[in-house]
Amino acid sequence: MKAISDILPSISYGGDYNPEQWGEKVWYEDATLMRKAGVNLVSVGIFSWAVLEREEDRFDFTWLDKVMDILHEHGVGVCLATATASPPAWLSRKYPETLAVDDKGGPYSFGSRQHYSPNSPVYRRAVKKLVTKLAERYKDHPALKMWHINNEYGCHVSECYSSNSLEAFRTWLRRRYQTIDTLNEKWGTNFWSQRYNYFNDITFLNNTPTFPNPGQHLDYKRFMNDSLFELYMVEKKILRDITPDVPVFTNFMLEFKPLNYFSWAPELDVVTWDTYPDPREGTPEAHAMQHDLMRSLKHGQPFFVMEQVTSHVNWRDINVPKKPGEMRLWSYSAIARGSDGIMFFQWRQSRAGAEKFHGAMVPHSNDEQSRTYREVQQLGQELKQLDSLTGAVVPARAAIIFDWENWWAVEMEGKPHNKLSYLEQVKAYYHTFYKRNIAVDFVQPGGDLSSYDLVVAPMLYMVKDGEEKNLEQYVESGGTLLVSFFSGIADENDRIHLGHYPEPLRHILGMHVEEFVPMADGERNQLSAESKRYHCSTWSDVIHLDTAKAAATFDGDWYEGRPAVTMNHYGKGKAVYVGTAPEQTYIDELLAELIKERYLSAPALAPSHVEIVERTSEKGKHLVMVNHNQEIARVDLDPYASYIDLFTGSEVQQETVVGGMDIVILRETEQK
């Protein structure tokens, strides 16, 4: 398999294209407009199953043949979709067992999308037939650049309670545990008389009177993730066998909890995701974090933004449009953080259907002078100047541990504080890196940490076998590790690690927690550190020091004077424990000190709200600067370096100016 940057040597630019919604005359008009806008790649056929296979085994590819030819003639590559995301009416009518079933036991109906059960053998058989037909027909078509498998797996139906899914769940459990006795031990089923004598006794926990068994609940989440992933792999195998050199992927989503994207990423040739920031939020930080997460899923390889909107979506309570310039600005924020593709949903605004008011590259007016199309055209022409960026990576010496299964476990019922948000804790620590323009990767707790000077583990509640050793080796070898409260509590089956909390990490951290003190809504305490006082909320740990020293202490409540934050030297490294949820100012100051200790720095110095990210490759070192301020920003550069501005072609040294709501991209030419 070639590198994506070899197959697509320019920044990919385009969007979801739905020619089946329009006549042939519009296809030619679309291709002309695409060329004018600098479009070089479109996704075709994502929801076209019903017009590709009008009845079982009655296929019609004539319209798609024509579309593929037209696009190729106009210099537009095709990311061809497998069309399996929305099964046609005839499949649901003839085979109702293909329908997914909700948690009340009712089957979903045809008339929307994603109504299939991932464990239906009939659905899988129909998928194999369609994908094979598509791959065999277009394997040699010159327009084919990539395969888009299904679409946004689990977006609407991430759980299925059908009889097919139940049988598949039991089979999954047999593979995982081998014997029923092992399963009972791992799930702790002697509690509440929940013991199973046979795998066939196991049912879904979709209608329990009170808290379900945590181990079983967690395994069901794993099973559904694996079920959807196996469905993806069914399609990938067919495509890889028939078109071995064509990259394959499916598109991920923002902060999507049901699917463990780290487990999916190795089987994607490129990570792609759909980003839809709400203009009312007024901050690019949350989506910058997701860009960094998506880049990290394949260990720093560039990713694609597969969907975003030019102006406004249609599915919020109020669909506020992006202001002039925001679409361009946010697109470059993605490019800064490692994206080699900027794509939209959708190319042409639909006339009918549920998303007819969703924005597009070509609006209903079909007006080339519309603000939307003019901005699309400007961005497309600019991206042609950035070929040297493709394939470039973002070097990072700091990392945040992120674990989907930990996210599931933390937020299941029955915890000391049932309003804990895993993402809120992750975001609190990410914030410091973001505002200081310190590049950060996301890593798994069992992953390779050796290239990082500083690693942060927010609320690492679940520590699985081997992960504690991995963290120990990291610190022992000289790394700095920060761990937040409610970490090191349970194993992979949500069983408590016996001993003092956090038992697996206790020797690294040099302290132990006697008990938890969750705080009520609105309740706050204070902590003191170096004569300064800070608010804290949500949670307090009653901490005892072993070899660690207190870096901050609580100022109030019955545990006043006890450690709130500790530091411990272990081997050649250092481990920090934060036993509460401090105000953001304290997190910023604590991390700033650790960043300083490890000599981490931004690529350049700039005012607040200016993103500066370095991307490097054999083509050179680039600085991508995105100014989210209305006023200009002056950026101090490395005084020993010289740069070329990729937009203007001019030489830049010492300092550059980035206009308000504007972008500058520099490529280093030499060091003095």
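Quick rundown of the values:
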quantity: Members of segment 74-123 found to be in contact with a strand residue (DSSP E or B) (Cβ under 7 Å, 6 or more places away or on another chain), in a loop (DSSP other than H, G, I, E, B) and surrounded by fewer than 18 Cβ atoms within 10 Å (Cβ to Cβ), listed by number; calculated: none
quantity: From G325, G282, residue being without any contact (Cβ under 8 Å) to a residue 24 or more places away in the chain and out of contact with any Ser or Thr (no Cβ under 8 Å at 6 or more places or on another chain); calculated: G282
quantity: Helices (runs of 4 or more DSSP H) enclosed by segment 174-284 - at least 1 residues per element that are surrounded by fewer than 19 Cβ atoms within 10 Å (Cβ to Cβ) and not polar (S, T, N, Q); calculated: 180-187, 214-242
quantity: Residue check for V576: under 17 Å from H431 (Cα atoms) and aliphatic (A, V, I, L, M); calculated: no
quantity: Hits in segment 492-545 - residues which are under 22 Å from M412 (Cβ atoms), hydroxyl-bearing (S, T, Y) and over 31 Å from the mean Cα position of the chain (by Cα); calculated: none
quantity: Residue, farthest from D102 (Cα to Cα), within segment 187-233, restricted to residues that are in contact (Cβ under 8 Å) with a residue 24 or more places away in the chain and of a type in the set (D, E); calculated: E230
quantity: Pairs with Cβ under 8 Å, 6+ apart, first in segment 612-628 and in contact (Cβ under 8 Å) with a residue 60 or more places away in the chain, second crowded, with 23+ Cβ neighbours inside 10 Å and basic (K, R); calculated: V613/R337; H622/R615; V624/R615
quantity: Residues being buried (at least 23 other Cβ atoms within 10 Å of the Cβ), part of a strand (DSSP E or B) and either in contact with a Gly (Cβ under 7 Å, 6 or more places away or on another chain) or not small (G, A, S) (or both) - total across segment 483-500; calculated: 1
quantity: Flag if R533 is over 20 Å from E424 (Cα atoms), in contact with a strand residue (DSSP E or B) (Cβ under 6 Å, 6 or more places away or on another chain) and free of Cβ contacts under 8 Å to residues at least 24 places away in the same chain; calculated: yes
quantity: Lone qualifier among R280, R295 - being at pLDDT below 95 and either among the aromatic types (F, W, Y) or within 30 Å of A439 (Cβ to Cβ) (or both); calculated: R280
quantity: Filter pass, I543 being in contact with a His (Cβ under 9 Å, 6 or more places away or on another chain), in a helix (DSSP H, G or I), surrounded by 18 or more Cβ atoms within 10 Å (Cβ to Cβ) and of a type in the set (V, I, T); calculated: no
quantity: Criterion violated by K236 - all others in (1) out of contact with any Lys or Arg (no Cβ under 9 Å at 6 or more places or on another chain); (2) closer than 22 Å to Q346 by Cβ satisfied; calculated: (2)
quantity: Residues that are in a loop (DSSP other than H, G, I, E, B) and within 26 Å of the chain's Cα centre (by Cα), drawn from segment 452-478; calculated: Y452, D453, P458, M459, L460, Y461, V463, K464, D465, G466
quantity: Test result for K145, in a helix (DSSP H, G or I) and touching a Gly at 6+ places or on another chain (Cβ under 8 Å); calculated: no
quantity: Helices (runs of 4 or more DSSP H) contained entirely in segment 354-444, each with at least 2 residues that are over 24 Å from V456 (Cβ atoms); calculated: 371-383
quantity: Qualifying residue in segment 20-37 (condition: crowded, with 16+ Cβ neighbours inside 10 Å, touching a residue at least 24 places away in the same chain (Cβ under 8 Å) and touching a Phe, Trp or Tyr at 6+ places or on another chain (Cβ under 6 Å)); calculated: no
quantity: Check on D6, of a type in the set (D, E) and part of a helix (DSSP H, G or I); calculated: yes
quantity: Evaluation of L623 against (1) in contact with a Leu (Cβ under 6 Å, 6 or more places away or on another chain); (2) over 30 Å from D6 (Cα atoms); (3) part of a strand (DSSP E or B) (one fails), failing number; calculated: (2)
quantity: Single condition V576 does not satisfy, out of (1) assigned by TED's automatic domain parsing to the domain that holds T480; (2) farther than 18 Å from P502 by Cβ; (3) crowded, with 19+ Cβ neighbours inside 10 Å; calculated: (2)
quantity: Only listed residue being surrounded by 13 or more Cβ atoms within 10 Å (Cβ to Cβ), at pLDDT 95 or above and within 27 Å of the chain's Cα centre (by Cα), chosen from L646, L623, L637, L666; calculated: L623
quantity: Any chance K469 is among the basic types (K, R) and closer than 22 Å to P214 by Cα; calculated: no
quantity: Residue match in segment 291-303 (condition: in a loop (DSSP other than H, G, I, E, B) and touching a Gly at 6+ places or on another chain (Cβ under 7 Å)); calculated: yes
quantity: Meets criteria (more than 26 Å from I489 (Cα to Cα), touching a residue at least 40 places away in the same chain (Cβ under 8 Å) and crowded, with 21+ Cβ neighbours inside 10 Å) for Y430; calculated: no
quantity: Test: residue in segment 197-218 that is under 21 Å from F256 (Cβ atoms), of a type outside the set (D, E) and modelled with pLDDT of 95 or more; calculated: yes
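The values are calculated or read from the model by the stated rules, or taken from the named source; none is laboratory data. Note that the structure is a prediction, hence the values are computed from the model and not measured. Using ideal geometry, Cβ is built from the backbone for each residue, glycine included, and neighbour counts are taken over all protein chains shown.
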